[in-house]
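The values are calculated or read from the model by the stated rules, or taken from the named source; none is laboratory data. Model, not experiment: these values are computed from the prediction. Cβ coordinates were reconstructed from backbone atoms using ideal geometry, including for glycine residues, and neighbour counts include every protein chain displayed. Heavy atoms of the whole protein, side chains included, go into the accessibility calculation; ligands, DNA and RNA do not. Shrake-Rupley method; radii C 1.70, N 1.55, O 1.52, S 1.80 Å.
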Amino acid sequence: MYTLVYDGTFEGLLTAVFEIYERKLFHVKLIKGEWRASALFEEVLQIITDENRANRVLRGLRKRLSAACVQRLYIAQMAEMENEENAIVGFIRYAFDADRNIEEDYGNKYVMRISEIIKMVRREKHRMEAFVRFQKLKDETFYAAIEPDFNVLPLLIRHFKDRYADQKWIIYDIKRGYGLYYNLHDTQYISLDFSEVNNPANTITVFSDDESIYQHLWKNYFASVNIISRKNTRLHLRHVPRRYWKHLTEKI
Amino acid sequence: MDAERITEKLNILADAAKYDVSCASSGSKRKNENKGLGNTSNGICHSYTEDGRCVSLLKILLTNHCIFDCAYCVSRKNNDIKRAAFTVQEVVDLTINFYRRNYIEGLFLSSGIFKDADYTMERLVKIAKKLRTEHNFNGYIHLKSIPGASDELMREAGLYADRLSVNLEMPTEAGLKLLAPDKNRQDMISPMSFLKKEIIQRTEEKKLFKNAPMFAPAGQSTQVIIGATPESDQQVLQSANYFYKNFNLKRVYYSGYVPVLIDKRLPALNTAVPMVRENRLYQADWLMRFYGFHVNEIVNQQQPLLDLDIDPKLGWAIRNMQVFPIDVNKADLQLILRVPGIGLLSAQKIISARKFAQLSWEQLKKIGVAINRARYFIICKSNEFERRDLTGNNIKQFILAESKSKYIKNTQTQLNLF
């Protein structure tokens, strides 16, 4: 069993695949992180991300899989789900070793697993499209904080750019410490210093005057549309898991 | 803005609109190509009420003043409640500001009837027009057509709205006569057939001229109230089927009657909302629209009511045991879709995956098939299946026993908490 340590990028993962084939490795396990000489009974290899090697693997994949499928692998990796790179590598190896396109072979465990991962990531992406709640700042920028389970912020760019083309907005992933800023023309990645914002004296002054009115109206609306005789808490929680509540205006 | 007054109006007019069940915000393809606000694509539920229904649109009445006196409606003329009306500008401001904060996908606007149908419809159209033309708004707009409104207004409404709907209210004409003596079926049907013709014609134009304006791109829908009148499920579904076939409706919504008023024609105030029946009707509706079932296979003279214990697909299967077992490694998609426990997505995955290898139970489970139901109706690559001579009734009992034991397990873990 070989343990390959890679840097957590998609290029790094593709480079690892290259090495697996070059060194004819059979049993391998991929982990993300810093290289360290440990594991007494295991061989540990550090993968140094190499653009050329990654590109060769990518070209090979494009020959064997549809563009949409390659995109799915990319998304699965980028979502940074714990320990799932081995399913992706398994999928890629199966794609290279088979004599035909295997992307719909749901009977295969790797193909099935990738399909499950993609389903989870897509659901999280969709939930963020639904649960982002903007607050209007004094300078007319709309600000929202999120804490998704998976790293889906990059997957949200297109949706929010198409939707809010005429307003400046920021969506900030508090958990991962970076955000997206749209300045009416294009989007860029940003990181913010919250030390000032968290000062209670400042929080009130950063929001526009009508912000609290609309928040209040929305909360009222949410309460008014509920039909008490149909109360169904289990169903409610299935749709809006508790971990999202702290950023939902209507649930605060 | 007088925040207090608006809050009060919103409370009254959202409360009165909440019994309208339509919540769809999909099916349109309005793109934000003008650097404006919003787009309409797949439809997003932005929140869920505590009763578990989705909140996708700002669903309000323009007013709850009404000249009609329909027995089932909280806004009926003779009901002693607070009345309110929004101005055109107020609705526009609410929609835009809620949309900008990503609370909603758009607006669902209905109304009580003040003065007459045209007077009311004209105001609804004005709001949609203002949103589209003055605010560059590309979000979703669903307007409730007022029965009896003129063709001219309906045509204008179609130019600004994504979806239009006329509520049938009761599944049959007799039911309507009983509870809404002021309304008549014809007033509901004529705008529907006008819209149907117009939608078809505009779609043809759109094929020829790319710049032809969109006309109600998400089509039309309707809603019927279930359980306020004694119609059978057969009557309800036959009527839905008739409207799907003859008016190209996108959706029929079934709304379990929530007793809110005392009236000797209506179920008593403490009558439970028929939620299970409503759910079974939606399942049956899906079978008709996506699974290739004919309405008579689901309900008919011998079987006028849907079984409340089990879903209608399972109900059909145990009445038609001669069709089974089906070999999932060989059967057509249409037949696989008829197996209880196999949904649209699983059926498609089965068709794709079996090109690679014969599927076994383990793989079917991973694909998402509900084995506990499906196992009585299929064979796959496995020796484990042994076709016992079970009757439909046996199977029903087995499946129910299993789901009941699941229920008992759940309550036990609940109890352990205390």
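Summary table
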quantity	calculated
Single residue of B:ILE127, B:ILE141 found to be buried (at least 22 other Cβ atoms within 10 Å of the Cβ), in contact with an Asp or Glu (Cβ under 6 Å, 6 or more places away or on another chain) and among the aliphatic types (A, V, I, L, M)	B:ILE141
Test: residue in region B:22-33 that is farther than 26 Å from B:PHE137 by Cα and at the interface with another protein chain (Cβ under 10 Å from one of its Cβ atoms)	no
Checklist (1) closer than 30 Å to B:GLN235 by Cα; (2) at pLDDT 95 or above applied to B:ILE310, failing item	(2)
Filtered residues of region A:230-252 (kept if surrounded by 15 or more Cβ atoms within 10 Å (Cβ to Cβ), in a helix (DSSP H, G or I) and within 9 Å of another protein chain (Cβ to nearest Cβ))	A:ARG230, A:LEU235, A:HIS236, A:HIS239, A:THR249, A:GLU250, A:LYS251
Options B:ALA228, B:ALA240, B:ALA268: the member that is in a helix (DSSP H, G or I), over 30 Å from B:ASN32 (Cβ atoms) and not aromatic (Phe, Trp, Tyr)	B:ALA240
Complete set of residues in region A:130-162 that are open to solvent by 30 Å² or more (accessible area, probe 1.4 Å), away from chain B (no Cβ under 11 Å) and in a helix (DSSP H, G or I)	A:PRO154, A:LEU155, A:ILE157
Tally, over region A:214-239, of residues that are over 20 Å from B:ALA17 (Cα atoms) and modelled with pLDDT of 95 or more	1
Every residue from region B:191-203 that is at pLDDT 90 or above and open to solvent by 30 Å² or more (accessible area, probe 1.4 Å)	B:SER193, B:LYS196, B:LYS197, B:ILE199, B:ILE200, B:GLN201, B:ARG202
Close pairs (7 angstrom Cβ cut-off, 6 or more residues apart or separate chains): of a type in the set (Phe, Trp, Tyr) in region B:16-27, part of a loop (DSSP other than H, G, I, E, B) and modelled with pLDDT of 85 or more anywhere	B:TYR19/B:VAL258
Residue count, region B:147-158 (criterion: under 19 Å from B:THR133 (Cβ atoms) and within 23 Å of the chain's Cα centre (by Cα))	3
Pair list, Cβ under 6 Å, 6 or more apart: region A:58-71 residue aromatic (Phe, Trp, Tyr), other residue in a helix (DSSP H, G or I) and open to solvent by 40 Å² or more (accessible area, probe 1.4 Å)	none
Within region B:34-45, considering residues that are facing chain A (nearest Cβ under 7 Å) and over 17 Å from the mean Cα position of the chain (by Cα), the one surrounded by the fewest Cβ atoms within 10 Å (Cβ to Cβ)	B:LYS35
Top-ranked residue in region B:343-358 [being closer than 15 Å to B:ILE378 by Cα and open to solvent by less than 60 Å² (accessible area, probe 1.4 Å); ranked as farthest from the other protein chains (Cβ to nearest Cβ)]	B:GLY343
Residue list for region A:89-129, filter: over 15 Å from the mean Cα position of the chain (by Cα), within 13 Å of chain B (Cβ to nearest Cβ) and of a type in the set (Val, Ile, Thr)	A:ILE102, A:VAL111
Subset tally (residues that are surrounded by 24 or more Cβ atoms within 10 Å (Cβ to Cβ) and more than 10 Å from A:VAL225 (Cβ to Cβ)) for region B:49-61	3
Qualifying helices (runs of 4 or more DSSP H) (wholly inside region B:276-381; at least 2 residues being small (Gly, Ala, Ser))	B:312-319, B:344-353
Residue within region B:132-142 that is touching a Pro at 6+ places or on another chain (Cβ under 8 Å), outside any helix (DSSP H, G or I) and closer than 22 Å to B:GLU169 by Cβ present	no
Hey, B:ALA17 within 27 Å of the chain's Cα centre (by Cα), open to solvent by less than 10 Å² (accessible area, probe 1.4 Å), facing another protein chain (nearest Cβ under 10 Å) and of a type in the set (A, V, I, L, M) or not	yes
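The rows are residues; the columns are (1) β-branched (Val, Ile, Thr); (2) open to solvent by 40 Å² or more (accessible area, probe 1.4 Å); (3) within 14 Å of chain A (Cβ to nearest Cβ).
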residue: B:PHE86; (1), (2), (3): no, no, yes
residue: B:ASP93; (1), (2), (3): no, yes, yes
residue: B:TYR103; (1), (2), (3): no, no, yes
residue: B:ILE113; (1), (2), (3): yes, no, no
residue: B:ALA117; (1), (2), (3): no, no, no
